[in-house]
Ligand SMILES: C[S@@+](CC[C@H](N)C(=O)[O-])C[C@H]1O[C@@H](n2cnc3c(N)ncnc32)[C@H](O)[C@@H]1O
C-alpha cells in the first residue's frame, strides 16, 4: 500500500514537468531550510500546487480572503497559500518554534508575500482560539492543518466558529507520515490511530463534505456545510 519514495520522486518530476515548476524562490527553499537545520518535513511542490489552486478557488472562486495555517515550519506551504489569496487577502500562520518562525519570516519577505502574511508565534489550538479576538465569526475561507496530527480535531473545533459556511479545511498526512501508513494495524501507532479517528470524525459528523486525495501522504479536503 505504501508509496515508495522512488514513486514519489518520479511522480513529482512528472507533475512539475507537466503542471509547472515552482519558481526559483520555492525551488531553492528546501536547500536553505536544510542548511538552516530545519526538519525536512515541508509539503512537496505537488501538494503546494494543490494548496495554491484550492486557495484561489475558495470563497466561491474569488480566492480566500482569510486563510489560517497551523504549522508554518519554514513557510514553504504558506508561500503557496499566500500566492493564491484574493487581492487584499491575508494568511495567518501559526508556529510555536522560534527558529522555524524566524526562518519563515525571511522566506515570506524574499517571496514577496510578507505584506499579506501574519505570523503567530504560538501553539495551536490555543492560538486559533485567540484569533477569535482579531477575526469576526464566519470570516475564514480556508484552514490548512499540518502540525501535530493527534490534535487535528482540536484545531478544527477551535476554528469552527471562525469558518465561513463553504470554507475549505485541508489536512496534510491524512494517509501517512514518517513511521506509519493508514494500513498500519490499529493499536500499534498512536499518530495513525489519531488521524484515522480524525478522518472518520470529519467524514461522518454531518458538518463537512469530504474527499481524500491520495497525493503524497494524503490530503483531506473538506468543505463546511451551510
Ligand atoms: C510538518 S511541519 C509544517 C510544514 C509546513 N506546513 C510546510 O509544508 O512548509 C509541522 C510544523 O508544526 C509546528 N508545530 C508543532 N506543534 C504545533 C502547534 N501546537 N501549533 C502550531 N504548529 C505546531 C512544528 O514546529 C513544525 O514547524
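Rule-based calculations on the coordinates, nothing more; no lab input. This structure is a prediction, so every number in the text was calculated from the model and none was measured. Using ideal geometry, Cβ is built from the backbone for each residue, glycine included, and neighbour counts are taken over all protein chains shown.
What the table below lists for this structure:
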| quantity | calculated |
| --- | --- |
| Ranking of 81, 215 by count of other Cβ atoms within 10 Å, fewest first | 215, 81 |
| Pairwise label distance in nanometres, residue 139 with residue 11, each label 7 Å out on the Cα-Cβ vector | 3.8 nm |
| Order of 164, 109 - criterion: other Cβ atoms within 10 Å of each residue's Cβ, fewest first | 109, 164 |
| Helix-derived mean residue ellipticity, 222 nm - over the chain, DSSP H n ≥ 4, -39500 (n - 2.57), to 500 | -12500 deg cm²/dmol |
| Coarse-grained scattering of the stretch 5-224 at q = 0.09, 0.10, 0.12 Å⁻¹, given as base-10 log I(q)/I(0) from a Debye sum over alpha-carbon atoms | -0.33, -0.41, -0.60 |
| For q = 0.23 Å⁻¹, Debye-computed log10 I/I(0) when each Cα of the stretch 111-226 counts as one equal scatterer | -1.34 |
